[in-house]
Amino acid sequence: MTPQEIVERCLELSRTDGMLVLVDETSTANLRWANNALTTNGVMQERLVTVIATLDGSTGTASGVITRSAVTTDALKPLVRAAEQAADDNGPAEDAQPLVTGDAAADWFDEPGRTSADAFRTLAPALGDAFAKNDEQQRLLYGYLEHEVRTTYLGSSTGLRLRHEQPTGHIGITGKSTRPGTAAAAAHAGSAWVGQSCRDLADIDVAALDAELERRLDWARRSVDLPAGRYDTLLPPTAVADLMIYAYWMMGARDAHDGRSVYARPGSGTRVGEKLSSQPVTLWSDPASPGLECAPVALARASTAEQSVFDNGLPLGRTTWIQDGQLAALLQTRHSADLTGLPVTPAVDNLGLTVDGANGSTDDLVGGVQHGLLLTCLWYIRAVDPQTLLLTGLTRDGVYLVENGEVTGAVNNFRFNESPVALLDRFSHAGETVATFSREWGDYFPRTAMPALRVPDFNMSSVSQAS
């Protein structure tokens, strides 16, 4: 059955007051490499069907959600009945709202998008050239390249029929330098990582990524041990994305309203309308942002504090979360908006940060540092205190010493303790906003645009033994 036929059949089978059906068709191709050689590749197709049944009762509307993969025609009726039974068992849903109404979109009957190994026709040879070059220069490359096309079909008992096709590609490469005269596995003198996300793999320049790895590994020819402490630190866009994505994910209006996050006003309510930063920073999401395009409607396969299955199909537009340093909006379902009295602003699947008047690259910012660090990559980020959004994590694959405006060597890894909300007020310099890829969260949230930030007192709380 086609995705559209699955949607229509499930809706025909419904015996409840309302039903939503989402069919996700995902086509994925990938390459993996190690020690300057391709190791594996694969092409996969996946289908997930989510049925959301709603049941009106005297005390409210209940919902039941069931998701299954590899669904056959014979499995549709049991799937629908299971969702209906779940709604009956669950009782009234706190987030219940009327289902979104509408008609069939113009592209509803289009086939799902596909990818294949052919997506790598230009990148695979480019990787081969990089492998040969690194063999000659006694460096090793490890990495992963993926291209995915996910097509989502959303149908509702209200008549709504929507289709969204989301292409996503990303590459991550780790380079390691080996000491001449030793086996590759014996000892690595340096390690660095670069990554990029895109909609079209043609936008990935393997040679440019490899050149950046070569530059960073050359920096690591000199090694310096430094103690823990607060350092004048440059965060390139990828590291800023690591931190800002976490700040965005914690923007749930319900948690703030209930006093459980940094966005909660002491006493009661949220901090919407308050200044979080004295800097001219704007944090935004926009489904139509060039290069970061994402679903223009809400697509929720489960209800959480930040999203509601009842909101499926709600139109999304540009949302400004922080405007000129002031908290302007939080992640709002229609239910949480009723509680907070604020506008409905559902989550959008991309994120950008801009600083008014900022320009220049990470390298430009390096030129202004007399003694500090260039922190290229963060890892294993976790929350310590949700009330301040204090995060802890590790540095990885490249922390560099900057002296008199130049990178002069690599330093040991650290554990850091910082709040991204606090950093938005404390940074001293910013670069231009560019598309970037988070090392920590990019697999889940690849569409980001961030500036480089210079933080004069970034807290390296302890030395890490990781190498």
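Here region 358-380 is the region considered, the condition is being in a loop (DSSP other than H, G, I, E, B) and open to solvent by 70 Å² or more (accessible area, probe 1.4 Å), and the residue that is nearest to G229 (Cα to Cα) is Q370.
Taking (1) touching a residue at least 40 places away in the same chain (Cβ under 8 Å); (2) exposed (fewer than 14 other Cβ atoms within 10 Å of the Cβ); (3) part of a helix (DSSP H, G or I) in turn, D89 satisfies each apart from (1).
Count of region 128-153 residues, restricted to those that are part of a strand (DSSP E or B) and either more than 30 Å from Q166 (Cα to Cα) or of a type in the set (D, E) (or both), is 4.
Checked against the criterion of being crowded, with 21+ Cβ neighbours inside 10 Å and either hydrophobic (A, V, I, L, M, F, W, C) or over 30 Å from F131 (Cα atoms) (or both), the candidates A228, A207, A220 yield just one match: A220.
Within region 390-398, is even one residue within 30 Å of S289 (Cβ to Cβ) and under 18 Å from the mean Cα position of the chain (by Cα)? Yes, region 390-398 has at least one match. Taken over region 16-37, the criterion of being open to solvent by 40 Å² or more (accessible area, probe 1.4 Å) and either closer than 17 Å to L48 by Cα or modelled with pLDDT of 95 or more (or both) is satisfied by R32, N35, A37.
Filtered by the rule that a residue be small (G, A, S) and either modelled with pLDDT under 95 or within 14 Å of W249 (Cβ to Cβ) (or both), region 426-449 gives S438, G442. Could you look through region 403-431, keep only residues that are charged (D, E, K, R) and crowded, with 16+ Cβ neighbours inside 10 Å, and pick out the one that is nearest to N359 (Cα to Cα)? The residue in question is R426.
Scanning region 99-108 for residues that are surrounded by fewer than 13 Cβ atoms within 10 Å (Cβ to Cβ) and more than 23 Å from R199 (Cβ to Cβ) turns up T101, D103.
What number of residues in region 432-452 are under 19 Å from D397 (Cα atoms) and either over 9 Å from the mean Cα position of the chain (by Cα) or assigned to a strand (DSSP E or B) (or both)? Count: 3. Among the residues making up region 315-349, none is among the aromatic types (F, W, Y) and farther than 21 Å from L276 by Cβ. Just checking, does region 323-334 include any residue being polar (S, T, N, Q), farther than 29 Å from G398 by Cα, touching an Asp or Glu at 6+ places or on another chain (Cβ under 6 Å) and modelled with pLDDT of 95 or more? Yes, the conditions are met somewhere in region 323-334. Before we move on, is M44 touching a Leu at 6+ places or on another chain (Cβ under 8 Å) and aliphatic (A, V, I, L, M)? No; evaluated as a whole, the condition is false for this residue. Residue count for region 320-341 under the criterion of being open to solvent by less than 20 Å² (accessible area, probe 1.4 Å) and part of a strand (DSSP E or B): the result is 4. Of all the listed residues (R68, R121, R114), the sole one being open to solvent by 60 Å² or more (accessible area, probe 1.4 Å), at pLDDT below 95 and within 29 Å of the chain's Cα centre (by Cα) is R121.
The values are calculated or read from the model by the stated rules, or taken from the named source; none is laboratory data. Please read these numbers as outputs of a predicted model, since none were measured by experiment. Methodologically, a virtual Cβ is constructed for each residue, glycine included, from the backbone with ideal geometry; neighbour enumeration extends over all protein chains shown. These area figures cover heavy atoms from the full protein model, side chains too; ligands, DNA and RNA do not enter into them. Shrake-Rupley method; radii C 1.70, N 1.55, O 1.52, S 1.80 Å.
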